[in-house]
Each structure stands twice: as structure tokens, then as C-alpha cells.
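Worksheet: one structure, shown below.
Laboratory data are not the source of any read-out in this text; all were calculated from the coordinates shown. These numbers come from a predicted model, not from an experiment. Cβ atoms come from the backbone with ideal geometry, glycine included; neighbour counts cover every protein chain shown.
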Ligand code: 5GP
Ligand code: ZN
């Protein structure tokens with residue numbers, strides 16, 4: 001299921017280009033267009049759900065796979081050490097309402113949000 005005006009659904013569909021890092025049947029990971037760290041990859045479900053709580057409720061196996069993909073990316077790119085952020089709600093900085101975790105790594109990270 002996709003939402004026609006959702007930018008990440010368009011990336012999943014291939015209608016908007018993205019630099020893919022990992023793709024499985026249910027998960028896609030691609031580089032953030034405006035990186036905030038040397039490694040900044042977004043890990044998203046292919047199915048459209050709006051946030052991490054909805055993913056936990058509706059597609060828990062896919063959310064678990066997203067965590068495994070995040071680890072896989074960090075193992076390949078930043079010695080397995082990283083921050084995984086799910087902004088939830090506009091006030092917290094969420095701008096795309098399709099669940100995605102920010103994998104941030106490759107440098108000592110401060111407390112600035114992704
Ligand atoms: P949020 O603010 O929802 O937590 O994260 C959305 C992220 O998506 C932002 O870090 C933003 O830079 C990234 N982003 C927005 N549009 C695009 C796009 O078209 N392509 C890619 N690769 N990243 C995007
Ligand atoms: Zn979507």
C-alpha cells in the first residue's frame with residue numbers, strides 16, 4: 001500500500017531517485033539527501049505506515065528487520081557503532097510521515113537531532 005503524495009513511497013516505487021544502500025522484500029535503505037553525519041542513511045519500510053509506533057503495532061516483523069538493516073549498514077560503514085533515531089511528530093522534527101530510522105555514524109555525535 002502506498003500514499004500517492006508521500007515522498008518515501010515514491011522512492012520505494014522508483015519514481016524519485018535515491019542512493020540505495022540496502023533493499024530487501026520489505027525494507028529499503030538510502031542515503032539522506034542532506035546528511036548530518038559522515039554516515040547518514042534512512043531505513044524505511046516499503047509499506048507506508050506513518051511512524052515507529054504504527055510500525056510496531058502493524059508491521060512488527062518489518063520494524064525488527066529495519067533494526068537489523070541499520071546494524072548491517074553500520075557494520076559496513078562505521079564499525080558497527082551508530083545512533084538510530086525515529087523522529088515522531090512535527091515538533092520532534094519529523095518531516096516525512098512514512099516510518100524511517102536515521103542511521104547516523106562515522107564521527108563522534110553530539111546531541112543535535114537528525
Ligand atoms: P525526518 O525529518 O522526517 O525525521 O527525516 C526526513 C529526512 O528525509 C530528512 O533528513 C531529509 O533530509 C530526508 N529527505 C527528504 N527528502 C528526501 C529525498 O527526496 N531523498 C532523500 N534521499 N532524502 C530525503
Ligand atoms: Zn509513504
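Once the Cα atoms of helix 60-77 and of the chain are each reduced to a long axis, what angle between those two axes, in degrees from 0 to 90 to the nearest 10, is obtained?
Between helix and principal axis, roughly 30 degrees.
Which distance in nm do the two modelled labels at residue 96 and residue 61 give, with both placed 7 Å along the Cα-to-Cβ direction?
About 2.5 nm separates the two model spin labels.
Restricting to Cα pairs below 8 Å that are 6+ residues apart, what does the relative contact order work out to for the range 1-68? Please round to a whole percent. Mind dumping the intermediate values first?
Values: 72 pairs, mean separation 17.2, N = 68.
With pairs under 8 Å counted, the relative contact order is 25 percent.
Under the classification rounded if a/c is under 1.5, otherwise prolate if a/b is larger than b/c and oblate if not, where does the range 18-100 fall, given a ≥ b ≥ c as square roots of the Cα gyration tensor eigenvalues? Don't skip to the answer; put the middle values down first.
Details: a/c = 1.65, a/b = 1.22, b/c = 1.36.
Cα axes put the range 18-100 in the oblate bin.
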